[in-house]
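Report on the structure given below.
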Amino acid sequence: MEIKRTAEGEKGFEKVFAFLRERLIAGSLRPGDRLIAERELASQLGVSRPIVREALRALTMLGIVEIRDRIGTVVTRPDISVLNDFFTFALAQQAGMVDDVMQARIAIECQAIRLACERATITDFERLQRELARIAETIDEADAGGIADFEFHRAIVLASRSETLVVLHNSMAGLLTQAHRTRRELVQAFPSMKTYLIDDHRRIFEAVVARDPERADATLRKHFEIGDEYRRRAVVGEKESRKVSR
């Protein structure tokens, strides 16, 4: 009997979720709209009221709806920031996670920089310039420097004016910030990285200001390639060091 109730509950949740998803996509339901009463929703979906109630509570936990006293169930705008924690926990447990995240980052940022060349405003240019200055100021600091690097690249994505790209980039914020910090730690081993980090980010900034998507894309991809080369050199150096210590 317990298994039957669980299966019924899962089916009810799927029906309620599909109901909301289809109407949100169609635009017939928007954040702030109130859902029909539980009784009517249960009848329409062919499930019991307790099942509908439990499904709505689950959706409340996901931030999709909000149950308000004397008002009913209201559609909310989900907090996209929760994706950051989800991605961090989910991807951090996968083998080859860093390389996979970096590939996704390259795809997002290279498209974002092309759009930024078309859509960036003076405010976006000013933000990029501030973050560029911070990169130079924190060149010898792993923590502050990693954050400065991340914020510069985030500023590019914001300048794209693409909400989808911003959401995707933000969802990986925790992992990307750590990746930037790890790269900044290499500065002590490879002093030449200081010039690379400052000059490369400056060239990226100049390409966006010039509104040249081809140049901006090529410069950003070259920036990623050089960063990967430094990481590979660090890995090789670490392996050689271990051999010597043995």
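No value in this document is a laboratory result; all are computed from the given coordinates. Remember, predicted model here, so these are calculated numbers, not experimental data. In this analysis, Cβ positions are derived from the backbone assuming ideal geometry, glycine residues included, and neighbour counts consider all displayed protein chains.
Let's see if you can work this out: charge +1 on each Lys and Arg Cβ, -1 on each Asp and Glu Cβ, no other charges. What is the dipole magnitude of region 25-67 about its Cα centre, in debye to the nearest 20?
Approximately 40 debye in magnitude.
Beyond 18 Å, how much of the Cα-Cα pair distribution for region 98-169 remains, as a whole percent?
41
Roughly what percent of Cα-Cα pairs across region 7-75 reach past 21 Å?
Pairs farther apart than 21 Å: 14 percent.
Provide the gained length on full extension for the span R221 to D33, in nm with one decimal, where the gain is 0.36 nm per separating residue minus the Cα-Cα distance.
63.3 nm
Working from the pairwise distances between different alpha carbons, so that the mean of 1/r is found and then inverted, what is region 121-220's Kirkwood radius in Å?
13.8
Relative to 2.2 N^0.38 Å, what does the C-alpha radius of gyration of region 151-203 come to as a ratio? Two decimals please. Could the numbers behind the result be given before it?
On the way: Rg = 13.1 Å, N = 53, 2.2 N^0.38 = 9.9 Å.
Dividing the Cα Rg of region 151-203 by 2.2 N^0.38 Å gives 1.32.
As an exercise, use a Förster radius of 41 Å and the Cβ-Cβ distance of A133 and T76 to find the FRET efficiency, rounded to the nearest 0.05. Can you show the working numbers first?
Details: r = 38 Å, r/R0 = 0.93.
Once the sixth-power term is evaluated, E becomes 0.60.
According to a simple spin-label model (label point 7 Å from Cα along Cα-to-Cβ), what is the distance in nm between L62 and F125?
Inter-label distance under the simple model: 4.4 nm.
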